[in-house]
Protein chains: 2
Amino acid sequence: MNPLALDEQLCFPFYAISREITRRYRPLLEPLGLTYPQYLVMLVVWEEEGQSLKAIGERLHLDSGTLTPLLKKLEAADLLRRVRKPEDERHIQIFLTDAGRALRKQAETVPLDLVRTLDVDEEDLQVVKAALNRLVMKMSDPD
Amino acid sequence: MNPLALDEQLCFPFYAISREITRRYRPLLEPLGLTYPQYLVMLVVWEEEGQSLKAIGERLHLDSGTLTPLLKKLEAADLLRRVRKPEDERHIQIFLTDAGRALRKQAETVPLDLVRTLDVDEEDLQVVKAALNRLVMKMSDPD
DNA sequence: TCGATTTAAATTGTATACAATCTAATTGTA
DNA sequence: TACAATTAGATTGTATACAATTTAAATCGA
């Protein structure tokens with residue numbers, strides 16, 4: 001058995017599926033004017049306003065090198081505002097604009113639309129979902 | 001229940017885990033002078049020489065826009081050679097150099113080293129791998 | 001058989017990722 | 001309380017991804 005065979009690699013399916021999912025989100029998000037990472041940021045901001053870049057980054061496992069330009073793009077699109085926190089000028093806080101709040105309604109059908117495109121075996125889905133949760137728990141541990 | 005809650009998204013864990021896995025490969029691949037996508041390409045070329053860019057792309061779900069510069073980098077690193085196919089000049093074929101073949105030996109421990117960083121049950125891994133591979137197959141079907 | 005179509009790569013332009021470094025603000029402490 | 005550490009973002013540089021377009025080669029069809 002060849003340990004370097006592509007089909008033996010655990011990691012490759014994660015990489016391939018992740019990109020395939022992003023591909024399937026694209027046509028659903030295009031009418032909203034969002035990319036997939038931008039959509040993820042909006043999900044986090046829709047949950048709670050006033051979060052810092054740092055807090056959003058911890059949620060999505062992204063750092064300022066990725067988030068700073070991405071948030072600036074969303075600000076340029078008038079979906080949110082980046083405001084320095086008065087009590088601690090090192091932080092920026094993210095607030096929704098009216099347009100950003102309005103976009104949430106348009107986004108509401110996206111999750112179900114996406115699942116419909118997946119058309120996967122229910123049994124596989126359960127196995128994967130359970131395994132993913134174990135992996136996420138284990139991997140977010142600082143070991 | 002909020003359908004836009006990040007924790008409800010099935011797709012986010014794929015995105016997060018995929019990037020986490022890439023992060024864990026980095027220190028293992030750095031001594032080989034490879035990035036993770038470059039490593040994947042080498043896996044495919046180690047399996048069979050003479051494959052076209054197109055064939056490699058189908059295996060990894062990557063197009064020429066990604067692969068052309070990546071293969072040029074691997075050629076510049078003297079790991080492989082890009083050769084126009086004489087019978088059909090539209091194709092390029094990928095062949096290993098001696099250095100490229102030699103690197104294979106160095107890479108042999110990488111898969112096991114990576115699994116060790118995941119710290120998960122080996123049996124669990126086999127089950128997940130099989131389910132994920134079925135997902136990849138299903139999702140890359142043109143449905 | 002010759003122009004239209006198809007095909008494989010390459011190119012262009014945009015948008016992530018992320019390590020490494022820098023800057024400015026805050027905090028801890030001798 | 002100066003001032004060294006720490007912290008949050010921003011910046012820089014490199015490496016993907018991928019849509020859209022271009023180029024060159026091969027094939028198809030009237």
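Structure summary
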{"item": "Candidate lysines for bridging to B:Lys129, where Cα separation is under 29 Å - those fewer than 8 sequence places away on the same chain excluded", "result": "A:Lys129, A:Lys138, B:Lys54, B:Lys105, B:Lys138"}
{"item": "Net charge of Cβ neighbours under 14 Å - reference A:Cys11; Lys, Arg +1; Asp, Glu -1", "result": "+3"}
{"item": "Protein accessible area in the protein assembly as shown, 1.4 Å probe - carbon and sulfur %", "result": "52 percent"}
{"item": "For chain B, Kirkwood radius (reciprocal of mean inverse C-alpha pair distance, Å)", "result": "17.3 Å"}
{"item": "Whole-angstrom gap from the range B:87-123 to the range B:5-41, using each part's C-alpha centre", "result": "16 Å"}
{"item": "For residues of B:17-27, the mean tally of beta carbons on other chains within 10 Å", "result": "5"}
{"item": "Net charge contributed by nearby residues that have their C-beta within less than 13 Å of A:Tyr25 (K/R +1, D/E -1)", "result": "+2"}
{"item": "As computed over the range A:1-42, the Cα convex hull volume per residue (Å³)", "result": "60 Å³"}
{"item": "Ascending list, in nanometres, of distances separating the A:Thr35 label from those of the other copies (7 Å, Cα toward Cβ)", "result": "1.4"}
{"item": "Dimensions in Å of the protein assembly as shown - Rg and Dmax from alpha carbons", "result": "21.1, 70"}
{"item": "Diffusion constant of the range A:67-115 at 4 °C, which comes from Stokes-Einstein with the Kirkwood Cα-pair radius and 1.567 mPa s, µm²/s", "result": "106 µm²/s"}
{"item": "10 Å Cβ neighbours from other chains, averaged over peptide B:32-41", "result": "1"}
{"item": "Relative contact order %, chain A, counting alpha carbon pairs below 8 Å whose residues are six or more apart", "result": "19 percent"}
{"item": "Using a 7 Å Cα-to-Cβ projection, B:Ala76 label spacings across copies, nm, ascending", "result": "2.7"}
{"item": "For A:Gln106, inter-copy label distances in nm, listed shortest first [label point 7 Å out on the Cα-Cβ vector]", "result": "5.0"}
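The values are calculated or read from the model by the stated rules, or taken from the named source; none is laboratory data. Everything numeric here is computed off the predicted structure, so don't read it as measured data. Virtual Cβ from ideal backbone geometry, glycine too; neighbours counted across all protein chains shown. Heads up: the accessible areas ignore ligands, DNA and RNA and are worked out on the full protein's heavy atoms, side chains in. Shrake-Rupley method; radii C 1.70, N 1.55, O 1.52, S 1.80 Å.
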